[in-house]
Structures are given as structure tokens and as C-alpha cells.
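Chemist: I'd like to ask you about the structure that follows.
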Amino acid sequence: MRVTDAGIPAVPDSALADTVLERLTTAYAAAADPRRAPALRAYMKDVAPFLGLTAPVRRALSRTVLAGTPRPGEADCTAIALRCWELPEREYQYFAVDYLRLHVGRCSSAFLPVARHLITTVPWWDTVDLLAAHVVGPLVAADPRLAADMDAWIADEDPWVARTALLHQLRYRQRTDAARLFAYCVRQAGHPDFFVRKAIGWSLREYAKTDPQAVRDFVARERGRFAPLSVREALRNIGP
């Protein structure tokens, strides 16, 4: 089964999204701090403009925005996420990621193309990593047939898609498909992108919390394939 061969997802009609976006843009814009915005933008390597909201301020505002709103359906989640991604300032995308993390259980396998669109649009680690572990991961866990999509994503030319495939099992612990994880790491062992090499090490380091010996054995067996960064990250907490 593959569900992510489609093009750009359409924004569905959603009265809830209308309400949330009206409240959100009003609240965030009123609290914007232009003095902080340049530093935040620079920290994120100029990936997007910022309103200048610190994380505590942003989260407090988000709680106010969502107060009294009903639980969303999948169409509402899709509309809110896609509409936030259309706005230039990064804080709106952070809001969407937080919203999806909270409500991913309301979404079906059909949400995976939306997640891919978010991952590949204005991509950077600040949104991609959370979407990988907290949105894509739960979607695949709920429908194991989506593993076929992850098998395609790990070979994707877009490094953020490949990074997502590597990281989607990050929170699985005992449910980790170790064979698939190790195969993904080998598949991208020679990747030139820093973020893919880092993700290899990170995914292995996280699985080492569950089965450290399996990770030690895997790294010992395949060490010659991997960049020093990947090996260092994989063994950081367990040693050689």
C-alpha cells in the first residue's frame, strides 16, 4: 500500500479552521516582538521570517486561541495545518505542528500525503523532526501498511523525506522494527547530507535505549559504511 504518490493536497473547507486561523493570526500578530524576530530567524538559518514569539509566549497564546474549540476531524486538521503553512512566519507552522501532535489520533492513513507536504515545504529540522516522530510515526504505527511508504521515503531524493523515514520510529521503543531501522541506516550510510547522517546516529542512539547490544553489534558489523558522525551519535550513551 502506498498513499503518498499524490500531488499537493487541497485545503478542505473547515469552519473550525476558519475560527482557529482568525483567532490565531489576531493573537500572534498582536504579541509579535520585532526586536526578537531577527535573532530567531538567524538561529534557524534564515529558513523563514519570525514574529519574534518565545516558546512560552507562543504556547500561552495557543491555549487561548484553542479555548472552547471542539475536537477536530481529519479535514479540520488538514485545513489548519495547510493554512498555517501558507503563512510566512514560522510561529504559525509551530502552532500547526503542536496541533497535529495533539490530534494525530483523529487522522487516518490518508493524512500521510499532507504530512509529506508539510515536511517538504519550508523544510528545516525544527518542524521536520517533530512531524517525523509525533505525526508520521503514529500514523505508521496505527496502520502498518504505511511501512511501504516509509520504504519508499528512505530512498527519496529529498533528504528531509529520507530523514523522516529514519526518525519515524524514534518513539516506538519495544515496538521498533529493528530490521527495518538497520536496513534504512545502511541504505543511507553514504548520504552526503549532514542531517541524514545525524539522523542515522540519532535513530540508533534512541533504539539503543531499548536494545543496546543490538545497536553495538550492528555498528560493529557495519561501522565501515558510516560517517564518524553517525557512529559517534549511535554509541554516545552506550560506548563501543
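The values are calculated or read from the model by the stated rules, or taken from the named source; none is laboratory data. If you're wondering where the values come from, they're calculated on a predicted model, not measured in any experiment. Virtual Cβ from ideal backbone geometry, glycine too; neighbours counted across all protein chains shown. Accessible surface is based on the protein model in full, side chains and every heavy atom, while ligands, DNA and RNA are left aside. Shrake-Rupley method; radii C 1.70, N 1.55, O 1.52, S 1.80 Å.
Chemist: If only one of Ala79, Ala75 is in a helix (DSSP H, G or I), in contact with a helix residue (DSSP H, G or I) (Cβ under 9 Å, 6 or more places away or on another chain), open to solvent by less than 10 Å² (accessible area, probe 1.4 Å) and farther than 19 Å from Leu146 by Cα, which one is it?
Modeler: One residue alone meets the criteria, Ala79.
Chemist: Could I ask something else about it? Filter the range 157-177 down to residues that are outside any loop (DSSP other than H, G, I, E, B) and either in contact with a Pro (Cβ under 7 Å, 6 or more places away or on another chain) or open to solvent by 40 Å² or more (accessible area, probe 1.4 Å) (or both) and give me whichever is nearest to Asp98 (Cα to Cα).
Modeler: Step by step, filter the range 157-177, then rank; the result is Trp160.
Conditions tested, residue by residue: (1) open to solvent by 20 Å² or more (accessible area, probe 1.4 Å); (2) charged (D, E, K, R).
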| position | (1), (2) |
| --- | --- |
| Arg2 | yes, yes |
| Pro12 | yes, no |
| Arg23 | yes, yes |
| Tyr43 | yes, no |
| Gly52 | no, no |
| Leu61 | yes, no |
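Chemist: Kindly list the number of the only condition in (1) more than 25 Å from Gly52 (Cα to Cα); (2) touching a Ser or Thr at 6+ places or on another chain (Cβ under 8 Å); (3) open to solvent by 30 Å² or more (accessible area, probe 1.4 Å) that fails for Val114.
Modeler: Single failed check for Val114: (3).
Chemist: Does any residue in the range 184-207 that is farther than 18 Å from Leu131 by Cβ and in contact (Cβ under 8 Å) with a residue 12 or more places away in the chain come within less than 7 Å, Cβ to Cβ, of a residue that is outside any helix (DSSP H, G or I) and open to solvent by 40 Å² or more (accessible area, probe 1.4 Å) six or more places away or on a different chain, and which pairs are these?
Modeler: Arg187/Ala155; Arg205/Arg236; Arg205/Asn237
Chemist: Just to verify a result, which residue in the range 82-103, among those that are within 14 Å of the chain's Cα centre (by Cα), hydrophobic (A, V, I, L, M, F, W, C) and closer than 16 Å to Leu16 by Cα, is surrounded by the fewest Cβ atoms within 10 Å (Cβ to Cβ)? Please lay out each step first, then the result.
Modeler: Of the residues in the range 82-103, the ones within 14 Å of the chain's Cα centre (by Cα) are 85, 93-102.
If we keep only those that are hydrophobic (A, V, I, L, M, F, W, C) too, we end up with 85, 95-97, 100, 102.
Next cut, closer than 16 Å to Leu16 by Cα only: 95-96, 100, 102.
On the way: Phe95: 26, Ala96: 23, Leu100: 26, Leu102: 14.
The residue in question is Leu102.
Table: residues versus (1) buried (at least 17 other Cβ atoms within 10 Å of the Cβ); (2) under 21 Å from the mean Cα position of the chain (by Cα); (3) at positive phi.
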residue: Ala179; (1), (2), (3): no, no, no
residue: Phe182; (1), (2), (3): yes, yes, no
residue: Arg197; (1), (2), (3): yes, yes, no
residue: Arg205; (1), (2), (3): yes, yes, no
residue: Ala220; (1), (2), (3): no, no, no
residue: Arg223; (1), (2), (3): no, no, no
residue: Ala227; (1), (2), (3): yes, no, no
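Chemist: Next up: So, in the range 208-229, exactly how many residues are in contact (Cβ under 8 Å) with a residue 24 or more places away in the chain, part of a helix (DSSP H, G or I) and farther than 23 Å from Ala141 by Cβ?
Modeler: Residues that pass the stated criteria total 4.
Chemist: To continue, here is another question. Condition first: hydrophobic (A, V, I, L, M, F, W, C), part of a helix (DSSP H, G or I) and open to solvent by 20 Å² or more (accessible area, probe 1.4 Å). Now tell me which residues in the range 122-156 satisfy that.
Modeler: Trp125, Leu130, Ala141, Ala142, Ala148, Ala152, listed by residue number.
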